[in-house]
1. Do the alpha carbons of any pairs in LYS23/LYS111; LYS47/LYS73; LYS94/LYS128; LYS94/LYS130 sit beyond 20 Å of each other, and which pairs?
2. Unpartnered cysteines of the chain (Cβ-Cβ under 4.7 Å counts as a partner)?
3. Based only on the alpha carbon positions, what is the Kirkwood hydrodynamic radius of the range 10-63, in angstrom?
4. Give the relative contact order (percent, whole number) for the range 10-63; include only Cα pairs under 8 Å separated by 6+ residues.
5. Of all the accessible heavy-atom surface of the range 10-63, with the other protein chains kept in place and a 1.4 Å probe, what percent is carbon and sulfur?
6. Which of the lysines could be linked to LYS27 by a straight reach, that is with a Cα gap under 21 Å, when you skip same-chain ones fewer than 8 residues away?
7. Using the scaling law 2.2 N^0.38 Å as the reference, what is the normalised Cα Rg of the chain?
8. Which whole-number value in Å² is the accessible area per residue of the chain, probe 1.4 Å?
Amino acid sequence: RDTGLGKGGSFQVIRPNVGFTSKDLPKSALDSYEKIPDIEAQSLWEKDFNYFAEKCGHTREEVCPGETCTFRKRNQHYHILTGSVLTFWETIKKAVDTVKIVRVILDCGRKIVGLLLPASVVPALIAKIKDH
């Protein structure tokens, strides 16, 4: 995608697994890519797009650290704790190193605010909250 910075402009690369690159790339970076026919590019794009929907980038090299890995994964699952979190605040603080508050707009348009939780703490935190 041309960012419109003129004759010596820059580009953003859009990858099928992670979307837009986080920074603009100079046109000289295009030298590291090989031009292929559109139909072949589309086929490769769709293959990777589908592959990375639920699988991480490690799985091809078979060095994935585990089921919770999100490296280069297109679809990622987030755990957000909402509701009366102050009731369980001490329990949450013990389970989570850093508390991050997030606002999410759901597909249905509903907005929620909650605490973003790492997947690794969810099972134990649920058990502790149920015991509370």
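1. On the way: LYS23/LYS111 29 Å; LYS47/LYS73 14 Å; LYS94/LYS128 10 Å; LYS94/LYS130 15 Å.
Correct reply: LYS23/LYS111.
2. Cysteines of the chain left without a disulfide-compatible partner: CYS64, CYS108.
3. 12.8
4. Numbers: 29 pairs, mean separation 18.1, N = 54.
It rounds to 33 percent for the range 10-63.
5. On the way: 2290 of 4110 Å².
The computed percentage sits at 56.
6. The qualifying lysines are LYS7, LYS35.
7. Working: Rg = 20.5 Å, N = 132, 2.2 N^0.38 = 14.1 Å.
Its radius of gyration relative to the 2.2 N^0.38 Å reference: 1.46.
8. Values: 10200 Å² over 132 residues.
Value for the chain: 77 Å² per residue.
The values are calculated or read from the model by the stated rules, or taken from the named source; none is laboratory data. Note that the structure is a prediction, hence the values are computed from the model and not measured. For neighbour counting, all protein chains shown are included, and Cβ atoms are generated from backbone atoms with ideal geometry for every residue, glycine included. For the accessible areas, the whole protein counts, side chains as well, though only heavy atoms, and no ligand, DNA or RNA atoms are used. Shrake-Rupley method; radii C 1.70, N 1.55, O 1.52, S 1.80 Å.
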